[in-house]
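Presented below is the structure to which this report refers.
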Amino acid sequence: DAGVIQSPRHEVTEMGQEVTLRCKPISGHDYLFWYRQTMMRGLELLIYFNNNVPIDDSGMPEDRFSAKMPNASFSTLKIQPSEPRDSAVYFCASSLGPGRGYTFGSGTRLTVV
Amino acid sequence: AQSVTQLDSQVPVFEEAPVELRCNYSSSVSVYLFWYVQYPNQGLQLLLKYLSGSTLVESINGFEAEFNKSQTSFHLRKPSVHISDTAEYFCAVSGISGSARQLTFGSGTQLTVLP
């Protein structure tokens, strides 16, 4: 099992550009989560999906952020346009359900200059 | 809604000494409790979890945590730490049903083991 796979590992982009982060969850996991980690705010849940359907997106900071899960093996988090304050590590995690714990990917370190 | 408070942001300790990382939670529903560990430049890894049954749970690398319902705590302990235990540790809580099922994380405790 390759675990949760995120790409790219690092992304440096200029302010105003579109950024797309990608995640492949563990096969068979019904839940997928996107988190953002910063020194100031710690770990923040942005959005989560159950069976490819977005369940709670209340953590998405603003309309510049969007997430999709077109099938059970792929999800994207898009930021358009990007801003320097979006600089953070973005984690994807997947899970079999409540009580089963989450498996995290290695994260994408985003730097917006 | 749930919340988690990790009382210490940084804990320095000498190698082979015991350590306790404190975690308190609040929730209006029954909960599952977790500890995750994050090594530098890596994602979070599940260390141990409490779902039900025995209130004392153990990990494979010598950590243990005890669920105390009356004190709403889930402190993490290890009797003798190693240099390799240096990492950030996150306590997390989720409700067992309904809309509260997603994990809520604490702010993390940086454990630094000194030689």
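What is the one condition in (1) loosely packed, with under 14 Cβ neighbours inside 10 Å; (2) within 14 Å of another protein chain (Cβ to nearest Cβ); (3) under 27 Å from A:F91 (Cα atoms); (4) not polar (S, T, N, Q) that B:I83 does not satisfy?
With (1) loosely packed, with under 14 Cβ neighbours inside 10 Å; (2) within 14 Å of another protein chain (Cβ to nearest Cβ); (3) under 27 Å from A:F91 (Cα atoms); (4) not polar (S, T, N, Q) applied to B:I83, the lone miss is (2).
Restricting the search to the range A:9-31, which residues are touching a Pro at 6+ places or on another chain (Cβ under 9 Å), within 24 Å of A:L96 (Cα to Cα) and more than 11 Å from chain B (Cβ to nearest Cβ)?
A:L21, A:R22
Would it be correct to say that B:V113 is hydrophobic (A, V, I, L, M, F, W, C) and more than 10 Å from the chain's Cα centre (by Cα)?
yes
Quick test for you: out of B:V19, B:V31, pick the one residue that is in contact (Cβ under 8 Å) with a residue 24 or more places away in the chain, of a type in the set (A, V, I, L, M) and more than 14 Å from every other protein chain (Cβ to nearest Cβ).
Sole residue among the options that is in contact (Cβ under 8 Å) with a residue 24 or more places away in the chain, of a type in the set (A, V, I, L, M) and more than 14 Å from every other protein chain (Cβ to nearest Cβ): B:V19.
Can B:F90 be described as aromatic (F, W, Y) and out of contact with any Cys (no Cβ under 8 Å at 6 or more places or on another chain)?
Judged against the criteria, B:F90 is a match.
For the range A:10-57, give me the residue count where each residue is within 16 Å of A:K78 (Cα to Cα) and in a loop (DSSP other than H, G, I, E, B).
Looking only at that region, the number is 6.
Which of (1) surrounded by fewer than 17 Cβ atoms within 10 Å (Cβ to Cβ); (2) in contact with an Asp or Glu (Cβ under 9 Å, 6 or more places away or on another chain); (3) under 19 Å from B:G95 (Cβ atoms); (4) of a type outside the set (A, V, I, L, M, F, W, C) does B:Y50 not meet, given it meets every other one?
For B:Y50, the exception is condition (1).
Readers should treat all values here as calculations from the given coordinates under stated rules, not as data from a laboratory. Keep in mind the model is a prediction, meaning the values are calculated, not measured. FYI the Cβ positions are ideal-geometry reconstructions off the backbone, even for glycines, and counts take in every protein chain you see.
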